[in-house]
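> Before I ask anything, here is the structure I am working with.
The values are calculated or read from the model by the stated rules, or taken from the named source; none is laboratory data. Treat the numbers as computed from the prediction; the structure is a model and nothing was measured. In this analysis, Cβ positions are derived from the backbone assuming ideal geometry, glycine residues included, and neighbour counts consider all displayed protein chains.
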Amino acid sequence: MADPWQECMDYAVDLARKAGEIVRGALKEKVSVMTKSSPVDLVTETDQKVENFLISLIKEKYPSHSFIGEESVAAGEGSILTDNPTWIIDPIDGTTNFVHRFPFVAVSIGFVVNKKIEFGIVYSCIEDKMYTARKGKGAFCNGQKLQVSGQEDIVTSLQTVLN
C-alpha cells in the first residue's frame, strides 16, 4: 500500500526551506517586535509572514486539511485538534533568538492525523539543517539517519553530558 502522507511530508520539507529563506532574509533587516501573553513572549512581523506563507500554500494544495499555527492561536483563533489531517506550525521556533540575531532558529511543522503524529520537520534555517521524522520510520538530519544512544540510565546520561 502506498504511503498516503509521504507527499505531504515532501511538500512540507520544500515549504520549510522556502520559509527558511524568508527568515534568513529578515535577519538582514530591522526586526519589528511585539509581545503576546507577556513581555518575554515575543512575536515579530516575520513570524506572522512565515505562518501566513505556509498556511496559504498548504491550504491551496490541501484545502480540506486543518491548521494550528502558533501565531494564529496567540491572536485568538481556535486550536481544537480533531481527527482531520492537521498541520501544526511554529513559523519561527526560537523567536527570542531571532530577535537577538542568535543563529538558533527553526521553522517547525508537524502533521497529525486522527490525533496521532505522522511526521515532524524542523528546519534550522541558519545552519541549513533539515531534521525530519516519520512515525515508524526514524529521524533524519539532511537525509542521514539519526541514532540514539543505548543509554537508559538518566543519572549516567547526565554524568556523561556534564563530564
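> Pull up region 19-57, narrow it to residues that are of a type in the set (D, E, K, R) and surrounded by fewer than 17 Cβ atoms within 10 Å (Cβ to Cβ), then point me to the one that is modelled with the highest pLDDT.
To start, the set of residues in region 19-57 that are of a type in the set (D, E, K, R) comprises 21, 24, 28-30, 36, 41, 45, 47, 49, 51.
Next, only the ones that are surrounded by fewer than 17 Cβ atoms within 10 Å (Cβ to Cβ) stay: 21, 24, 28-30, 36, 41, 45.
Working: E21: 96, R24: 93, K28: 84, E29: 81, K30: 75, K36: 62, D41: 56, E45: 82.
Here the answer is E21.
> Same structure again: When region 58-81 is examined, which residues are found to be modelled with pLDDT of 90 or more and closer than 14 Å to F111 by Cα? Working first, answer last.
Step one: list which residues in region 58-81 are modelled with pLDDT of 90 or more, which gives 58-68.
Matches in region 58-81: I58, K59, Y62, S64, H65, S66, F67, I68.
> So, in region 136-163, of the ones that are among the small types (G, A, S) and at positive phi, which residue ends up modelled with the lowest pLDDT? Write out each step before concluding.
Step one: of region 136-163, the residues among the small types (G, A, S) are 136, 138-139, 143, 149-150, 157.
Checking which are at positive phi leaves us with 136, 138, 143.
Numbers: G136: 91, G138: 94, G143: 96.
For region 136-163, the residue satisfying everything is G136.
> Which of (1) modelled with pLDDT under 95; (2) closer than 25 Å to D3 by Cα; (3) of a type outside the set (D, E) is the odd one out, the single condition A133 does not satisfy?
Among (1) modelled with pLDDT under 95; (2) closer than 25 Å to D3 by Cα; (3) of a type outside the set (D, E), A133 violates only (1).
> Would you pick out the residues in region 91-107 that are under 23 Å from C141 (Cα atoms) and either surrounded by 21 or more Cβ atoms within 10 Å (Cβ to Cβ) or in contact (Cβ under 8 Å) with a residue 60 or more places away in the chain (or both)?
Across region 91-107, the qualifying residues are P91, I92, T95, F98, V105, A106, V107.
Yes or no, residue by residue, for (1) farther than 14 Å from A26 by Cβ; (2) free of Cβ contacts under 8 Å to residues at least 40 places away in the same chain; (3) assigned to a loop (DSSP other than H, G, I, E, B); (4) not charged (D, E, K, R):
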| position | (1), (2), (3), (4) |
| --- | --- |
| S56 | yes, yes, no, yes |
| K59 | yes, yes, no, no |
| F67 | yes, yes, no, yes |
| I80 | yes, yes, yes, yes |
| N84 | yes, yes, yes, yes |
| F111 | yes, no, no, yes |
| F119 | yes, no, no, yes |
| Y123 | yes, no, no, yes |
| F140 | yes, yes, no, yes |
